[in-house]
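**Student:** Just dropping this structure here.
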4 protein chains.
Amino acid sequence: MSTIGIAIVGAAGYGGQELLRLVATHPVFRVVHAGSRTHGGREVSEVLPQLQGFYRGLRFAGVETGIPAEAAAVVLAAPHGAARTLWPEIVAGRPDLRVVDLSADFRLKDRAAFDAYYGGAHPSLDAALDFVYGVPETNREAIRRARHVANPGCFATGAVLALAPLAEAGALRGDVCIAATTGSSGSGAEPKEGTHHPERAQDMRAYKVLAHQHLPEIEQELRRISGGGLFELSMVPQSGPFSRGIFTVAQLRVPDGVDAPALFRARYAREPFVRLRAETPALRHVVRTNFCDVAVVQKGTKVAVLSALDNLVKGMSGQALQNLNLMFELEETAGLLVPGANP
Amino acid sequence: MSTIGIAIVGAAGYGGQELLRLVATHPVFRVVHAGSRTHGGREVSEVLPQLQGFYRGLRFAGVETGIPAEAAAVVLAAPHGAARTLWPEIVAGRPDLRVVDLSADFRLKDRAAFDAYYGGAHPSLDAALDFVYGVPETNREAIRRARHVANPGCFATGAVLALAPLAEAGALRGDVCIAATTGSSGSGAEPKEGTHHPERAQDMRAYKVLAHQHLPEIEQELRRISGGGLFELSMVPQSGPFSRGIFTVAQLRVPDGVDAPALFRARYAREPFVRLRAETPALRHVVRTNFCDVAVVQKGTKVAVLSALDNLVKGMSGQALQNLNLMFELEETAGLLVPGANP
Amino acid sequence: MSTIGIAIVGAAGYGGQELLRLVATHPVFRVVHAGSRTHGGREVSEVLPQLQGFYRGLRFAGVETGIPAEAAAVVLAAPHGAARTLWPEIVAGRPDLRVVDLSADFRLKDRAAFDAYYGGAHPSLDAALDFVYGVPETNREAIRRARHVANPGCFATGAVLALAPLAEAGALRGDVCIAATTGSSGSGAEPKEGTHHPERAQDMRAYKVLAHQHLPEIEQELRRISGGGLFELSMVPQSGPFSRGIFTVAQLRVPDGVDAPALFRARYAREPFVRLRAETPALRHVVRTNFCDVAVVQKGTKVAVLSALDNLVKGMSGQALQNLNLMFELEETAGLLVPGANP
Amino acid sequence: MSTIGIAIVGAAGYGGQELLRLVATHPVFRVVHAGSRTHGGREVSEVLPQLQGFYRGLRFAGVETGIPAEAAAVVLAAPHGAARTLWPEIVAGRPDLRVVDLSADFRLKDRAAFDAYYGGAHPSLDAALDFVYGVPETNREAIRRARHVANPGCFATGAVLALAPLAEAGALRGDVCIAATTGSSGSGAEPKEGTHHPERAQDMRAYKVLAHQHLPEIEQELRRISGGGLFELSMVPQSGPFSRGIFTVAQLRVPDGVDAPALFRARYAREPFVRLRAETPALRHVVRTNFCDVAVVQKGTKVAVLSALDNLVKGMSGQALQNLNLMFELEETAGLLVPGANP
């Protein structure tokens, strides 16, 4: 099979590093451009020692270097806010270029929601209308046809997959309480106070309580799926003392007669990357994989849904690759079907 | 000041070890009996190397040894189910003996609730009526007068302190969704699958979803405080990859006009061991202390309350010592007012 | 390419689980038998949830089930001591069966060394003479021709790879001080006191100081390589608060004129799984990979060599697979050339 | 007993925070000045939430504020390099002021050693001759009489206590190989690449191999104790995935006839903060305490000594407090005799 060239903008960040890790064993995609603001000119495997022995000869391209013509797709793995600025330049004269943006810049269709949670100038916000929201499990056909995909946030992926079967069945109503815990790699490659090891090593804390910026995209997607829906989400994001993973707990009440576990079994029976668990998912079983494991428990009309995923894989670069597989009509699981580990 | 002798039954378990740690620097209490099923006859500081240099000469007493007369109080730190069996023997002929039981055996007044969550024979369940539920912040005066105190569960302490101010104000209504995460020491000193380091080190998972045995005692205490109350609790307990601590998230809707943060500020202004935080509590600041740190966030009528405590201290042996201080008319904070650390 | 069937004895232990994880994406090997003392009859992917979606239909075989004829190779992943008992039964009538034993039962050629460090009856110790010691980097050609390979211990792999270039060059002399730290998965799947999470989570300690049972196999291999050699090893094994990995520090003095870094550069230039680092290897870059990263620092005649590997991969099942690749004349790196991650 | 005022310069760093934690329960010392470059004017317990409920009213003093007259002692907890600059100002007109410097600025008597490992201008290097090296176990009487104490480095404390009994007995000879592992809090309060949680959480790596700046002070102290001595130290410092602690392994050969364990038993029998362990010390038992636990294993003439301490307590602020206790003729253990914990 011939290869398909992809470019990564922001390849030295955690999203970019993870994509490089995954593409290294992908049967079709080949990295033809690894852009980096800070490492332009240096060998990729020297800057990123985990890649020593891979990508021989590939060097980071500085910001002055454009996306090469041999790239059929580009993954924007730059910090939030960069994609919106780079946008005109990236797509200029490349109507066929497939784009997956890992940032939040093109996820929200609603300017008010964008302004409320992100703010700042957004010269290309109209382009968001052209982006497809990249959860394959809820949006597969649109992604196949899309040129531009807005890759969802990590919390958003965990929450959407935990609630989509209820939304589709019209069973998402009333208050939905989400408490989700993220690993430290979600904060990115730059050392910060919140990821300072001495203080994070055995800590747990919350942040952006009832105010996390992934809320509007979760709502947007669940309302789209449910065709509206009288539900209201609240979310308490927590920081856990682990490196990778998001563990999500959603609690809600379903209408009388709804059998939530049965809905999930039917809905996810054929999904390659969603696995149902009897009692609970566990982060350790999904870390470094593209799986999102889900469990549903119901007592009367009370339902708890739990989901676990790796924030850098199914919550970011693995899902981007899954989307690219769809956009290029490859096997959806290509390069991604790798088992997890236990210890 | 003269000393007061206390006996510990089950002194080699984690509850007992923590009590030994705390009593070592207490100005009044002195351990006169450290009971252990398995270590009878051995030096305490040899079995528990962290205590080397303390308790010189103290040896564990085997089960055949009764509570000595010089003990004015006994702390039952045996596994759940043991206290109910030992009960008649412990109190026989000792009407004045103060007892703090760390187990669940005497917490519930309602036999149906006990049977639903614990089951098994309970020859002394009537004695539970005589026990005071040992959360000093909600029950201080009763504890002062009590001979027998049922020390609350670790999850229960975190949840009760997160919700008591709302319950007292009549603002606890409707569905209350609790998601709480515990450290591994909550499982006790015996190695188990769930505390096997290779699988716990970077994991997160849930257990007893919507079915944890601390639910009925939380309900019992909050209903007592609120004088009834039309609320319904659900709880998803999670296991986190840290050794000590419980981090609790409660989400609910309050009646119009309720200013939840103001209620908490007023209610906890004078509590020595509850500290209000602006944004979030953090486990690292309470670990190895008797503090329970709390934060309250409100958006419209949606409220999130977060609490953090050390499951072995405020969630167990520290709270037992706080109760003993009250029962013996000592300074409530004696031996417990030690600051936490940051890294 | 047609497939080659392999059998795993002890497939539910950590060595077996890791082999199942690796073989799942191997291009040639196919698991035809997964033996387990305790899980006979159960679905592999139900007992090991990380494998859900893989090995559909494969069930664990109980101990009463023999190695099937379609297995061209067997990996013995049973606890130490089991292989020696099973040996006659496994090879009876199967002269061509390739065997890789993960245990220590057939590593030592010298009965006195075996008795000193392991002891117990060993009815098949003579068979050890027929086993090749399975470090491909020092023993590649012998492994290619071997029917039976004794896979090295995890500490032994780290130490042999850290010292082999010096041994080959005749520069291994005098006292060699090894201090190595292992992750908790090295203790196996069974919960034990030493792997109890509350006590291991932030701990560090040593064990079997100057007396670890991997010492004689390290010595045996280094003496074989060096053709004797006037050196004496000492080793202090430590337990670290991480799940996977062995980090080895060896300190020694080399003869005047020896340029240790140059020896390593020359020796490991073409090894696919040994990577030289400028300053230090890091566990995080080798975890879940078959790489052993090495750094060498020299000041005058003092030399420090550091190596890092994943105890379950290069220290165990990955190396077993590398050996099997060699034994079946496949590409040595087949199924093993996967990059590590950074966070 | 009346109180003694102490001032802390650099009180918001990890050394300062730890000293504030320890002094909070000290029977005699009282913090009268908490200096901070960055937090001048802010409440201590607001900047450091672990101290909420303590030090009510105390505010950080900016750099423009001098040491107040009511301070009988000052602890310099500023970054390395600051003390040497501040020195003239601090001692001007205060001949009686007791000073404990936590930095390396005044530890080395030898300018060549200082320049080789630290470099940079040192306007006050002569003052170092007046400083006493602050390991109470080896230097108790000199500390009692000292006005100025140079508090040892954390690695240095672990190594000196592991080797002092051999040095005193004239048994420290030949090559001494040290491999020591530090927790992340040793890097200080400022987030850095090396303490970025996603990369440190389960990692192990080395740094400054054979070149750590604590080597010359270890040598200086051991040579002083041994009266010279034909030994040569090498050290490989490692970074472990824990927050607090230093675990040190020293391997060496002793002269024939030396019984190393007996030397240690005799030497440390009466030391209040050094505890001998039978097999190994463990970090978890010393964390947050001022203890240094030590074990000695001997096979023939090979000896391994292991020590474990908390880098912020016995390796820094606890030892500073122990030194202050001596300098003010208080009980040496005042405020420091607190047991450790197990989980």
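The values are calculated or read from the model by the stated rules, or taken from the named source; none is laboratory data. Predicted, not measured: the structure shown is a model, and the values here were computed from it. As a convention, Cβ positions derive from the backbone with ideal geometry for all residues, glycine included, and neighbour counts pool all protein chains shown. Each accessible area value is taken on the protein alone, full model and side chains, heavy atoms only, with ligands, DNA and RNA left out. Shrake-Rupley method; radii C 1.70, N 1.55, O 1.52, S 1.80 Å.
**Student:** How about chain B: what cysteines have no other cysteine beta carbon under 4.7 Å from their own?
**Tutor:** When partners are defined as cysteine Cβ atoms under 4.7 Å apart, chain B leaves B:Cys154, B:Cys292 without one.
**Student:** Here's a follow-up. Relative to the compact-globule scaling 2.2 N^0.38 Å, provide the ratio for the alpha-carbon radius of gyration of segment B:119-204. Working shown, then result.
**Tutor:** On the way: Rg = 17.2 Å, N = 86, 2.2 N^0.38 = 12.0 Å.
Scaled against compact globular proteins, the figure is 1.44.
**Student:** Which residues in segment C:313-332 have a backbone N closer than 11 Å to a point placed 7 Å from the Cα of C:Arg140 along the Cα-to-Cβ line?
**Tutor:** Only C:332 fall inside the zone, counting backbone N under 11 Å.
**Student:** Looking at chain A only, what percent of DSSP beta bridges run antiparallel? Nearest 5 please.
**Tutor:** Values: 24 of 58 bridges.
So the antiparallel bridges in chain A amount to around 40 percent.
**Student:** Between D:Gln52, D:Gln251, D:Gln238, where does the largest GNM mean-square fluctuation fall for chain D, given springs only between Cα atoms within less than 10 Å?
**Tutor:** Looking only at D:Gln52, D:Gln251, D:Gln238, the largest GNM fluctuation is found for D:Gln52.
**Student:** Between copies, how close do the A:Gly257 label points come, placed 7 Å along Cα→Cβ, listed in nm from shortest?
**Tutor:** Ordered by distance, the counterparts are at 3.8, 9.4, 9.7 nm.
**Student:** Right, next: Can you list the residues of segment D:153-196 that have at least 50 square angstrom less accessible area with all protein chains present than in their chain by itself, probe 1.4 Å?
**Tutor:** D:Asp175, D:Cys177, D:Pro191, D:His196
**Student:** Given the options C:Ala282, C:Ala73, C:Ala127, state which has the largest fluctuation in a GNM of chain C using a 10 Å cut-off (strictly under) for Cα springs.
**Tutor:** Residue with maximal mean-square fluctuation among C:Ala282, C:Ala73, C:Ala127: C:Ala127.
**Student:** If you take the accessible area of A alone, add that of B alone, and subtract the area of the pair, what total do you get in Å², probe 1.4 Å, to the nearest 100? Could the numbers behind the result be given before it?
**Tutor:** Details: alone 14980 and 14990 Å², together 26390 Å².
In total, this chain pair buries about 3600 Å².
**Student:** Let me ask another. Within 10 Å of each Cβ in peptide A:272-282, how many partner chain Cβ atoms are there on average? Round it to a whole number, please.
**Tutor:** Details: counts 1, 1, 1, 4, 1, 4, 2, 5, 9, 4, 9.
Mean inter-chain Cβ contacts per residue within 10 Å come to 4.
**Student:** Taking GluC sites (Glu not before Pro) as exposed when DSSP calls them loop (any state but H, G, I, E, B) and at most 14 other Cβ atoms lie within 10 Å, what is the longest stretch of chain A free of them, the sites themselves excluded? Can you show the working numbers first?
**Tutor:** On the way: sites that count: A:Glu64, A:Glu70, A:Glu279, A:Glu329, A:Glu331.
Within chain A, the longest run free of exposed GluC sites (Glu not before Pro) spans A:71-278.
**Student:** Here's another thing I want to ask about it. Leaving out same-chain residues fewer than 8 places away, which lysines sit with a Cα under 17 Å from that of A:Lys299?
**Tutor:** Once the sequence-local lysines are set aside, what remains near A:Lys299 is B:Lys208.
**Student:** Which value results when the Cα radius of gyration for segment B:1-72 is divided by 2.2 N^0.38 Å? Walk me through the numbers before you get to the answer.
**Tutor:** On the way: Rg = 11.2 Å, N = 72, 2.2 N^0.38 = 11.2 Å.
With N residues counted in segment B:1-72, Rg over 2.2 N^0.38 Å equals 1.00.
**Student:** Given the options C:Leu222, C:Leu233, C:Leu161, state which has the largest fluctuation in a GNM of chain C using a 10 Å cut-off (strictly under) for Cα springs.
**Tutor:** Looking only at C:Leu222, C:Leu233, C:Leu161, the biggest GNM fluctuation is shown by C:Leu233.
**Student:** While we're looking at this one, here's another question. Mind checking the dipole of chain D: about its Cα centre, +1 per Lys or Arg Cβ, -1 per Asp or Glu Cβ, Debye to the nearest 20? Could you put the intermediate results ahead of the total?
**Tutor:** Working: 35 positive and 34 negative charges, 97 e Å.
Using Cβ point charges on Lys, Arg, Asp and Glu, chain D gives about 460 debye.
**Student:** Relative contact order (percent) for segment C:165-308, with alpha-carbon contacts under 8 angstrom and 6 or more residues of separation?
**Tutor:** Working: 268 pairs, mean separation 44.3, N = 144.
In percent, rounded to a whole number, it is 31.
**Student:** Percent of accessible area on the protein assembly as shown owned by carbon and sulfur, 1.4 Å probe?
**Tutor:** On the way: 22900 of 45280 Å².
After summing per-atom areas, the C and S share lands at 51 percent.
**Student:** In addition: For segment A:125-276, divide the Cα radius of gyration by the Kirkwood radius and give the resulting Rg/Rh value with two decimals.
**Tutor:** On the way: Rg = 16.6 Å, Rh = 16.8 Å.
On the Cα set of segment A:125-276, Rg over Rh gives 0.99.
**Student:** Find the Rg to Rh ratio for chain B, where Rh is the Kirkwood radius over alpha-carbon pairs and Rg uses the same atoms. Working shown, then result.
**Tutor:** Values: Rg = 19.4 Å, Rh = 20.4 Å.
Here Rg/Rh amounts to 0.95.
**Student:** Placing a label point 7 Å from Cα toward Cβ, how far apart in nm is B:Glu232 from its equivalents in the other copies, listed shortest first to one decimal?
**Tutor:** Inter-copy label distances (nm, one decimal, shortest first): 1.8, 7.5, 7.8.
**Student:** In percent, what relative contact order does segment D:1-99 have, based on Cα pairs under 8 Å that are 6 or more apart in sequence? Intermediate values should be presented prior to the final figure.
**Tutor:** On the way: 170 pairs, mean separation 31.7, N = 99.
Here the relative contact order equals 32 percent.
**Student:** From the C-alpha coordinates alone, can you work out the Kirkwood hydrodynamic radius of segment C:1-154, in Å?
**Tutor:** Numbers: mean 1/r = 0.0622 Å⁻¹.
Roughly 16.1 Å, rounded to one decimal.
**Student:** A further question follows. Using 1/(1 + (r/R0)^6) with R0 = 35 angstrom and r between the beta carbons of D:Glu70 and B:Arg56, what's the FRET efficiency to the nearest 0.05? Write down the numbers at each step before the final one.
**Tutor:** Values: r = 39 Å, r/R0 = 1.11.
For R0 = 35 Å, the calculated efficiency reads 0.35.
**Student:** Below 8 Å, C-alpha to C-alpha, sequence gap of six or more: please give me the relative contact order for chain D in percent. Write down the numbers at each step before the final one.
**Tutor:** Values: 753 pairs, mean separation 59.0, N = 343.
Value for chain D: 17 percent.
**Student:** Right, next: Counting only trypsin sites (Lys or Arg not before Pro) that are in a DSSP loop and have at most 14 other C-beta atoms within 10 Å, tell me the longest site-free stretch of chain A.
**Tutor:** Working: sites that count: A:Arg56, A:Lys192, A:Arg270.
The reported range is A:57-191.
**Student:** Please compute the per residue accessible area over chain D with all protein chains in place, 1.4 Å probe, rounded to a whole number of Å². Intermediate results must be reported in sequence, preceding the final value.
**Tutor:** On the way: 11280 Å² over 343 residues.
On a per-residue basis, 33 Å².
**Student:** With the solvent-accessible surface defined on protein heavy atoms using a 1.4 Å probe, which residues belonging to segment B:31-59 display a reduction of at least 20 Å² in accessible area in the multichain context relative to the isolated chain?
**Tutor:** B:Pro49, B:Gln50, B:Gln52, B:Phe54
**Student:** For segment C:227-293, what does the alpha-carbon gyration tensor say about shape, rounded, prolate or oblate, given a ≥ b ≥ c as the root eigenvalues, a/c under 1.5 as rounded, and a/b over b/c as prolate? Kindly include the intermediate steps, with their values, before the conclusion.
**Tutor:** Working: a/c = 2.20, a/b = 1.30, b/c = 1.69.
Verdict is oblate for segment C:227-293.
**Student:** In bins 5 Å wide, starting from 0, what share of all Cα pairs of segment C:203-343 does each bin hold, as a percent?
**Tutor:** The percentages, shortest bin first, are 2, 9, 14, 20, 22, 18, 11, 4, 1.
**Student:** By a straight-distance test (C-alpha under 17 Å), which lysines pair with D:Lys314 as possible cross-link partners, with residues fewer than eight away in the same chain excluded?
**Tutor:** none
**Student:** Going 7 Å from Cα along the Cα-Cβ axis for the label, what nanometre distances separate A:Glu43 from the same residue across the other copies?
**Tutor:** Here the equivalent label points are 4.7, 5.6, 5.8 nm apart from this one.
**Student:** Which of the helices in chain A, when you take each full DSSP H run, stretch at least 20 Å along the axis at their Cα atoms and have an average Kyte-Doolittle score of -1.0 or higher?
**Tutor:** For chain A, where a helix must reach 20 Å along its axis and average at least -1.0, the hits are A:154-168.
**Student:** Something else now. Per the Cauchy relation, a quarter of the hull surface: what is the mean projected area of the convex hull of the alpha carbons in segment C:173-258, in nm²?
**Tutor:** Numbers: hull surface 26.6 nm².
Approximately 6.7 nm², given one-decimal rounding.
**Student:** Grab the beta carbon distance between D:Asp115 and D:His80, set R0 = 22 Å, and tell me the FRET efficiency rounded to 0.05. Mind dumping the intermediate values first?
**Tutor:** Details: r = 14 Å, r/R0 = 0.65.
Efficiency, from the Cβ-Cβ distance: 0.95.
**Student:** Another question, then. Going by the alpha-carbon gyration tensor, a ≥ b ≥ c the square roots of its eigenvalues, is the protein assembly as shown rounded (a/c under 1.5) or, if a/c is not under 1.5, prolate (a/b greater than b/c) versus oblate?
**Tutor:** Details: a/c = 1.31, a/b = 1.03, b/c = 1.27.
Note, shape of the protein assembly as shown comes out rounded.
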